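Remarks on the structure that follows.
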Amino acid sequence: MSLAAFNDLPQAQAEEELRACCACDAWARAVSAARPYPGHAELREVAAGAVAALSWPDVAQALAAHPRIGERAAGAGREAAWSRREQSGAASADEQTAAALVDANRAYEERFGHVFLIFATGKSAGQMLAAARERLANDEQTEREVVRRELTAITLLRLERLVTA
């Protein structure tokens, strides 16, 4: 949809559309409430700022909507389709790499208590696996900062797909 059409949506519908970009109610409310946007740059700025302002429980709400790396997102909705597209590099993993991704996901979730989140677009399964293994060495605060950066990148990509020029 165009930016003008997005600006004109009723509040509830705008929030619903935005939750496909970031499945956090607080984020969707903040971005929707700041309408109308004069341009895409302003929308991106508000969207990124809204991710930065989220509490950790709000970030956890967004994370809960993301499938594990290497697992095919279920459903026919826009968010699931975008996730499958973003993780296409993991879909072509050989058996050994796929098994290692399962192990890395499990280890990450045991260590940090949430799904391993990475901006997967353009990354191979091997690159995602290497990142998961590397990030296991992070302390919790460092990892939360990395997760927020990754969530911002994913959210902005999806927002771009939602509101095209």
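Values computed for the structure shown
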{"item": "Output for the stretch 116-165, where each listed residue is in contact with a Phe, Trp or Tyr (Cβ under 8 Å, 6 or more places away or on another chain), within 24 Å of Arg19 (Cβ to Cβ) and not in a helix (DSSP H, G or I)", "result": "Phe116, Val163"}
{"item": "Which listed residue, of Ala125, Ala137, is farther than 22 Å from Val46 by Cα and either surrounded by fewer than 19 Cβ atoms within 10 Å (Cβ to Cβ) or touching a Cys at 6+ places or on another chain (Cβ under 9 Å) (or both)", "result": "Ala137"}
{"item": "Output for the stretch 99-122, where each listed residue is over 23 Å from Ala48 (Cα atoms) and surrounded by 16 or more Cβ atoms within 10 Å (Cβ to Cβ)", "result": "Ala100, Leu101, Ala104, Asn105, Tyr108, Phe112"}
{"item": "Residue that is over 27 Å from Leu129 (Cβ atoms) and without any contact (Cβ under 8 Å) to a residue 60 or more places away in the chain, where the choices are Arg35, Arg19, Arg44, Arg68", "result": "Arg35"}
{"item": "Of all residues making up the stretch 107-129, the number that are at pLDDT 95 or above and over 19 Å from the mean Cα position of the chain (by Cα)", "result": "3"}
{"item": "Wholly enclosed helices (runs of 4 or more DSSP H) of the stretch 5-96 bearing at least 2 residues touching a helix residue (DSSP H, G or I) at 6+ places or on another chain (Cβ under 6 Å), within 16 Å of Arg158 (Cα to Cα) and at pLDDT 80 or above", "result": "11-19, 25-33, 40-52"}
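The values are calculated or read from the model by the stated rules, or taken from the named source; none is laboratory data. These numbers were taken from a predicted model, which means no experiment stands behind them. With ideal geometry, Cβ positions are generated from the backbone for all residues, glycine too; neighbour counts draw on all protein chains shown.
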